[in-house]
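For reference, the structure discussed in these notes is given below.
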Amino acid sequence: MKRHVQYSRLISAAKKAKTQAFAPFSNFKVGAAVLTASGKIITGCNIEVSSLSLTICAERTALFKARSEGHKVFRALAIATDQPEFISPCGACRQVIYELAGDIDLMLCRKDGKVKDLKLASLLPLPFFKSTFSS
Ligand code: THU
């Protein structure tokens with residue numbers, strides 16, 4: 001399937017995943033969808049708990065789900081919110097995306113449907129990686 005078709009399916013999947021967001025404390029709903037090398041799409045949403053720091057972001061839900069289902073190579077990640085501005089992944093998610101997926105394409109989707117494309121490396125210069133302590 002052509003790249004732009006896969007990417008528009010990925011964006012739709014992230015928007016759909018947003019409808020499952022469980023954000024009773026912030027009401028800030030986020031959906032994410034990751035595209036695997038084999039063309040599969042795995043989705044996730046943010047899930048908040050009353051012990052707030054245990055909340056998980058949509059990006060990590062999607063990537064942890066995908067990795068736990070055996071997917072190891074990823075092409076792109078779409079993130080959808082209901083916000084008027086583009087929302088980019090938090091610092092914790094940037095690190096997790098880098099470690100599990102590398103410098104993949106990111107698509108940030110805001111409420112009016114506009115999409116911003118970027119590469120993870122533009123958000124995470126000089127990343128920490130496990131090779132740092134494997135030598
Ligand atoms: N959140 C995400 O799911 N992804 C982001 O990129 C930013 C923040 C969630 C965490 C929390 O549930 C809510 O948004 C407000 O911070």
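See the values below:
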quantity: FRET efficiency, 1/(1 + (r/R0)^6) with R0 25 Å, evaluated for Phe22 and Leu123 via beta carbons; calculated: 0.50
quantity: Mean Cβ count within 10 Å, highest first, over the residues of peptides 44-51, 4-11, 113-120, 32-39; calculated: 32-39, 44-51, 4-11, 113-120
quantity: In the chain, lysine pairs with alpha-carbon atoms under 15 angstrom apart (chain gap of 8 or more, or interchain); calculated: 12
quantity: Segment 28-86 - Kirkwood radius from inverse mean 1/r over Cα pairs (Å); calculated: 11.9
quantity: Segment 20-135: C-alpha pair distances exceeding 21 Å, %; calculated: 36
quantity: Accessible solvent surface per residue of the chain, calculated while the other protein chains remain in place, 1.4 angstrom probe, Å²; calculated: 56
quantity: With every protein chain in place, segment 8-111: carbon and sulfur % of accessible area (1.4 Å); calculated: 54
quantity: Relative contact order %, the chain, counting alpha carbon pairs below 8 Å whose residues are six or more apart; calculated: 20
quantity: Test item: Cα-centred dipole of segment 54-93, Lys/Arg +1 and Asp/Glu -1 on Cβ, debye; calculated: 300
quantity: Max mean-square fluctuation residue, GNM over the chain, Cα-Cα springs under 10 Å, options Ala21, Ala76, Ala92; calculated: Ala92
quantity: Nearest-20 debye value, segment 1-116 charge dipole, Cβ charges on Lys, Arg, Asp, Glu; calculated: 440
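The values are calculated or read from the model by the stated rules, or taken from the named source; none is laboratory data. Remember, predicted model here, so these are calculated numbers, not experimental data. Don't worry about glycine lacking a Cβ; one is built from the backbone with ideal geometry, like all the others, and counts go over all protein chains shown. Accessible surface is based on the protein model in full, side chains and every heavy atom, while ligands, DNA and RNA are left aside. Shrake-Rupley method; radii C 1.70, N 1.55, O 1.52, S 1.80 Å.
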